[in-house]
Amino acid sequence: MTPAGPRRIGIAALALGVLFALTFAAASARTYNHGVTVWFNNDLTIGDGDEIRGDLDIVFGDATCTAGGAIDGNVRTYFGSFNQLDGCRVGGRVISAFDGEAWSTAPFVPQNGFDMSGQNRRVYQSLAWNVVVLFIFLLFPLRVRVALERVEQRPGLSAGAGVISLIAVFPILVMLLISVIGIPLIVLEIAALFTGIWIGYAAVAMLIGRRLHELVRPHTTPSPLAALVLGLIVVSAAQMLPVVGWAVSVLVVVVGLGATVLGFFRETHLRGEISGPPMNRPA
């Protein structure tokens with residue numbers, strides 16, 4: 001073997017060693033693309049080269065970020081602790097659930113693509129909407145009860161009536177705009193539309209709350225107010241779901257508005273019965 005042979009073998013072995021070291025270093029570095037949630041004392045260490053591309057939520061657990069670690073989003077602790085050492089980079093803020101700052105109300109939901117300030121704003125808007133619905137229920141309890149009967153007995157017809165009512169709003173609005181006398185009535189039309197939506201919304205929420213209460217405690221009947229509050233909580237939670245939340249809102253509004261409209265018709269009219277003298281029977 002020539003002297004160049006061992007030299008080539010040594011160079012090849014050194015190159016393989018460097019390649020193995022680089023591969024091992026790359027494999028040891030961890031990247032979390034959709035954020036991380038630490039649950040119940042599941043200790044997590046973000047070491048050198050590790051990166052969390054999102055938020056870090058700590059629920060009844062502990063997490064430590066050492067030098068070289070990176071967290072692109074916020075760090076939120078819920079009955080847990082976060083230890084940030086020198087050299088750890090946190091792109092957002094370190095927020096505790098009890099420091100009075102805005103924090104995520106749903107740490108189990110993936111944070112990638114979510115604007116938490118927008119989510120908190122949606123919670124406040126939903127709360128304000130529910131307060132208005134509760135006020136309408138206290139103001140028009142009879143109308144809510146009639147709408148509840150309609151949506152319970154005729155849900156399909158209520159949905160159809162709601163779609164027709166929403167479509168009819170626009171031509172009526174155009175007609176009022178064309179006529180000078182009808183312009184002041186636009187405010188009344190908008191007020192009537194929202195009142196009908198709120199009454200129907202209360203009816204649908206009350207129905208959902210009553211059904212849920214019957215499943216949990218089948219031998220008891222909830223009060224109308226308790227059923228309404230429980231239903232509003234369930235509907236609001238469903239509206240916060242990603243992807244399908246908007247469908248829940250549309251369904252509740254359309255069916256509720258249709259039930260309110262049907263509430264102005266008697267049940268005999270809905271059945272198509274026409275009152276009149278009985279037919280003469282042959283002797």
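A few notes on this one:
- Residue in region 143-152 that is farther than 13 Å from VAL261 by Cα and either outside the structural domain of ARG211 (by TED's automatic domain parsing) or free of Cβ contacts under 8 Å to residues at least 24 places away in the same chain (or both) present: no
- Residue ranges of strands (runs of 3 or more DSSP E) in region 29-84 with at least 3 members touching a Phe, Trp or Tyr at 6+ places or on another chain (Cβ under 8 Å) and of a type in the set (A, V, I, L, M): 56-59
- Contacts under 6 angstrom Cβ, first residue in region 222-238 being more than 13 Å from PHE137 (Cα to Cα), partner part of a helix (DSSP H, G or I) and of a type in the set (Ser, Thr, Tyr), 6 or more apart: SER236/SER126
- Restricting attention to region 124-163, the residues that are surrounded by 13 or more Cβ atoms within 10 Å (Cβ to Cβ) and hydrophobic (A, V, I, L, M, F, W, C) total 16.
- A search for C-beta distances below 9 Å between a residue of region 166-177 that is without any contact (Cβ under 8 Å) to a residue 40 or more places away in the chain and any residue that is outside any helix (DSSP H, G or I) and aliphatic (A, V, I, L, M), counting only pairs 6+ apart in sequence or on different chains, returns LEU176/ILE183; LEU177/ILE183.
- Breaking point among (1) among the charged types (D, E, K, R); (2) modelled with pLDDT under 80; (3) surrounded by 17 or more Cβ atoms within 10 Å (Cβ to Cβ), for ASP43: (3)
- Test result for ARG211, under 21 Å from ARG266 (Cβ atoms) and either part of a helix (DSSP H, G or I) or not acidic (Asp, Glu) (or both): no
- The set of residues in region 170-188 being surrounded by 14 or more Cβ atoms within 10 Å (Cβ to Cβ) and assigned to a helix (DSSP H, G or I) consists of ILE172, LEU173, LEU176, LEU185.
- Search result, residues across region 227-260 that are surrounded by 15 or more Cβ atoms within 10 Å (Cβ to Cβ) and not in a helix (DSSP H, G or I): MET240
The values are calculated or read from the model by the stated rules, or taken from the named source; none is laboratory data. Please read all numbers here as calculations on a predicted model, not as lab measurements. Every residue, glycine as well, gets a Cβ built from its backbone with ideal geometry; the counts of neighbours run over all protein chains shown.
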